[in-house]
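What follows draws every value from the coordinates through simple rules; no lab data is involved. It should be emphasised that the depicted structure is a prediction, and the values quoted were computed from it without experimental measurement. In this analysis, Cβ positions are derived from the backbone assuming ideal geometry, glycine residues included, and neighbour counts consider all displayed protein chains.
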Amino acid sequence: MTVRINPSILAADFVNLQRDLEVIASADLVHVDVMDNHFVPNLTFGPQMVGRIQDVSPIPLDVHLMISDADRTAPEYAELGAASVTFHAEAATDPVALARRLREIGARAGIALKPGTAVEPYLELMDEFDQILIMTVEPGFGGQSFMPETMPKLTLLAAEARRRGSDIWLQVDGGINESTISQAAEAGANTFVAGSAVFGKDNPALAIAELRASAQAHSH
């Protein structure tokens with residue numbers, strides 16, 4: 001199975017972002033958390049900053065929108081050239097229409113579910129999305145502890161993906177490190193967001209390689 005490691009720049013040095021993007025050039029995509037201080041109690045950056053990250057990043061952008069009114073705002077990030085744009089199920093009025101719009105623009109369409117959001121309604125809609133992100137912490141802040149109770153959602157998604165012969169990306173975000181990545185891979189995740197487990201290390205490139213190897217060893 002193809003495993004993707006997407007370091008989260010939430011854990012990078014915002015003042016030296018270009019330098020930090022260069023050190024993760026061996027990763028698959030760079031995970032960019034956009035927070036509006038409304039959908040989540042934290043504020044990061046908007047389209048202008050994401051556009052500049054897109055200009056200088058050596059790897060494609062995996063934009064995760066933790067913002068209200070996703071229907072209106074998400075397409076703007078696809079238009080900036082992001083490879084993947086993920087919006088929250090809880091923030092979209094019509095997730096399927098929005099996903100189709102993102103695909104039309106040329107981005108992969110992702111939908112994210114908070115820990116308390118049930119996955120069942122999305123199983124039959126799986127083909128409308130290129131990625132489903134299972135949040136393994138409450139969204140809003142980096143550095144939180146992994147919630148193992150979210151793993152059954154992944155198991156359900158992975159089983160449905162196998163049944164359909166789908167190559168959907170099943171992503172986990174929150175508290176992913178050397179020890180938790182194996183649990184997530186065993187449950188069926190194939191795309192992993194890691195923040196401090198990459199940027200908090202002396203050698204981020206080595207950390208990426210180790211996370212990748214661990215996920216590969218535990219994936220089905």
Mean residue ellipticity (222 nm) of the chain, computed from DSSP H runs ≥ 4 via -39,500 (n - 2.57), nearest 500: -10500 deg cm²/dmol
Binned Cα-Cα distance frequencies in the range 1-108 - 10 Å width, integer %: 15, 48, 32, 6
Within the range 116-141, backbone nitrogen closer than 15 Å to the virtual label 7 Å beyond the Cα of A159 toward Cβ: 119-124
Under the Karplus curve 6.51 cos²θ - 1.76 cosθ + 1.60, θ = phi - 60°, whole-Hz ³J(HN,Hα) for the range 180-194, x wherever Gly or Pro sits: 8, 5, 5, 4, 5, 5, 4, 6, x, 5, 10, 9, 10, 9, 9
Gained length - A209 relative to D71, 0.36 nm times residue gap less alpha-carbon distance: 46.1 nm
Which of K153, K114 has the fewest Cβ neighbours within 10 Å, and the rest in rising order: K114, K153
Extension gain (nm, one decimal) between R103 and E138, 0.36 nm per residue minus Cα-Cα: 9.9 nm
Rounded FRET efficiency, nearest 0.05, which uses the C-beta distance separating L43 from T93 and R0 of 25 Å: 0.60
For the range 109-216: relative contact order, % (alpha-carbon pairs under 8 angstrom, 6 or more apart): 24
Ranked packing of 183-189, 90-96, 208-214, 115-121, most packed first, by mean Cβ within 10 Å: 183-189, 208-214, 90-96, 115-121
Globularity index of the range 139-220, i.e. its alpha-carbon radius of gyration over 2.2 N^0.38 Å: 1.09
Two-decimal Rg/Rh across the chain, once Rg and the Kirkwood Rh are taken from alpha-carbon atoms: 0.93
Nonlocal amide H pairs with S26, under 5 Å, H built at 1.01 Å: none
D167 paired with E149, simple spin-label distance in nm, labels 7 Å along Cα-to-beta-carbon: 3.6
HN-Hα J in Hz across the range 115-122 - Karplus 6.51, -1.76, 1.60, θ = phi - 60°, x for Gly and Pro: x, x, 8, 6, 8, 3, x, 9
